[in-house]
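What follows is a single structure, written as structure tokens, with notes after it.
The values are calculated or read from the model by the stated rules, or taken from the named source; none is laboratory data. Since the structure is predicted, the reported quantities are computational estimates derived from the model, not experimental observations. A quick note on method: Cβ atoms are made from the backbone with ideal geometry, for glycine too, and the neighbour counts reach across all protein chains shown.
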Amino acid sequence: MNLVSVIIPCYKQAHFLGEAIESVQAQTHQQYEIIVIDDESPDNTAEVASRYSNIRYFRQRRQERSAARNRGLRESAGDFVVFLDADDRLLPHHFQTCLDAFRTHPEAGLVCGDYQWFGHETATHHHDCRPRPDHYGALLRSNFIGPPHTVMFRHDVLLRVGGFAPNLKSCEDQDLYLRVARHHPMYCHHTVIAEYRWHDQQTSRHWDVMLQSAMHMLQSHIDVVAGHAPYERAWEEGLERRQRMYGDPLMWAMVAAARQGNWSRTMNYLAVLLRYYPKGLWSLIRRKAGRLIHSASV
């Protein structure tokens, strides 16, 4: 039986942690270990973890999510690894579906499936994993995989590529997928195997952090794509896609902050947009100016 190591970093999410742990305990494949990395969380993460048997719990100095996941990877003993954030959940067939995929595709460095939102009635997403020209190129264009708990990795492959990049505050999962796909095949089985929680505090809705991290992440792959025309096109398309995805909502967050008189936040958002999405910012300014001119002329 294949041992699956489940690594759960936790910071200020003790109120969700029990659900994450119980979603692992409900798996149809029961050969697993659960490793909780308390990233110096100020809440009762330790107390929640202690309620459950067979939990390996480690507390460390605050180092952010990537470092916490890497600590869990170093402590893990499984042949396969799943990274589960404390606010998310796995569906009961996750492990078995992924292990079956590895048995039919033993060459894969990772296998992935799909997820469903919970916590928001209308939240949807579109899963499209067509290679174009291959999975590395597809991942340059967009993070079609989604959050990391939709993925099962080979433990040895994670060690070979170096785990998560600790310098990235976000988009670290996209970076890891790209580094795996550069050297190993991957396989998508399309099955919905995970639940992704929608809430105001999730990192993916901090648009300034997401925009900065996405640009840094793509820049770190520029040496790989340079001189390879299909990858250069995919990289450029991915740059524009991520600028729109994170930059457009950041612009409206900046407008909202200005209307609220929060000038510190407004200026911070403005600085990020000027550096990483100037085209979108100037487009917004032109639209606003056009409306002012039209209103004045009426």
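For T191, the criteria (1) among the hydroxyl-bearing types (S, T, Y); (2) in contact (Cβ under 8 Å) with a residue 40 or more places away in the chain; (3) closer than 24 Å to P147 by Cβ; (4) not assigned by TED's automatic domain parsing to the domain that holds P9 hold in every case but one, which is (4).
Yes/no per residue for (1) over 21 Å from R154 (Cβ atoms); (2) out of contact with any Pro (no Cβ under 8 Å at 6 or more places or on another chain); (3) of a type in the set (S, T, Y); (4) not assigned by TED's automatic domain parsing to the domain that holds G109:
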{"position": "E33", "(1), (2), (3), (4)": "no, yes, no, no"}
{"position": "D38", "(1), (2), (3), (4)": "yes, yes, no, no"}
{"position": "I55", "(1), (2), (3), (4)": "yes, yes, no, no"}
{"position": "N70", "(1), (2), (3), (4)": "no, no, no, no"}
{"position": "V81", "(1), (2), (3), (4)": "no, yes, no, no"}
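Examine region 65-72 for a residue that is under 18 Å from the mean Cα position of the chain (by Cα) and polar (S, T, N, Q), and state whether such a residue exists. Looking through region 65-72, at least one residue is under 18 Å from the mean Cα position of the chain (by Cα) and polar (S, T, N, Q). When region 20-79 is filtered for residues that are in contact (Cβ under 8 Å) with a residue 12 or more places away in the chain, of a type in the set (G, A, S) and outside any loop (DSSP other than H, G, I, E, B), the ones remaining, listed by number, are A20, S23, A46, A49, S66, A67, A68, G72. A Cβ distance below 7 Å, combined with a sequence gap of six or more or placement on separate chains, defines the contacts here; from region 158-177, residues that are on the phi > 0 side of the Ramachandran plot reach residues that are crowded, with 16+ Cβ neighbours inside 10 Å and among the polar types (S, T, N, Q) in the pairs G163/N70; C171/S213. D85 falls short on exactly one of the conditions (1) part of a loop (DSSP other than H, G, I, E, B); (2) surrounded by fewer than 22 Cβ atoms within 10 Å (Cβ to Cβ), and that condition is (2). Of all residues in region 166-199, exactly one satisfies the criterion of being under 22 Å from L218 (Cα atoms), within 14 Å of the chain's Cα centre (by Cα) and among the basic types (K, R), namely K169.
Anything in region 161-184 that is in contact with a strand residue (DSSP E or B) (Cβ under 9 Å, 6 or more places away or on another chain) and in a helix (DSSP H, G or I)? List them, or say none. Before the answer, list the steps.
The initial filter retains those residues of region 161-184 that are in contact with a strand residue (DSSP E or B) (Cβ under 9 Å, 6 or more places away or on another chain), namely 164, 173, 176-177, 180-181, 184.
Residues satisfying the conditions are D173, L176, Y177, V180, A181.
Within region 4-19, being closer than 18 Å to Q96 by Cα and without any contact (Cβ under 8 Å) to a residue 40 or more places away in the chain holds for no residue. Residues in region 230-254 that are exposed (fewer than 14 other Cβ atoms within 10 Å of the Cβ) and in contact with a Leu (Cβ under 9 Å, 6 or more places away or on another chain): W252 only.
Tell me, please, whether a residue that is farther than 23 Å from S213 by Cα and either in contact with a helix residue (DSSP H, G or I) (Cβ under 6 Å, 6 or more places away or on another chain) or not polar (S, T, N, Q) (or both) can be found in region 62-73. Before the answer, list the steps.
So in region 62-73, the residues farther than 23 Å from S213 by Cα come out as none.
The answer is no, given that none of the residues of region 62-73 is farther than 23 Å from S213 by Cα and either in contact with a helix residue (DSSP H, G or I) (Cβ under 6 Å, 6 or more places away or on another chain) or not polar (S, T, N, Q) (or both).
Scanning region 91-146 for residues that are modelled with pLDDT of 95 or more, assigned to a loop (DSSP other than H, G, I, E, B) and not charged (D, E, K, R) gives L91, P92, H93, H105, P106, A108, G109. L211 meets the stated requirement of being within 25 Å of W117 (Cβ to Cβ) and modelled with pLDDT of 95 or more.
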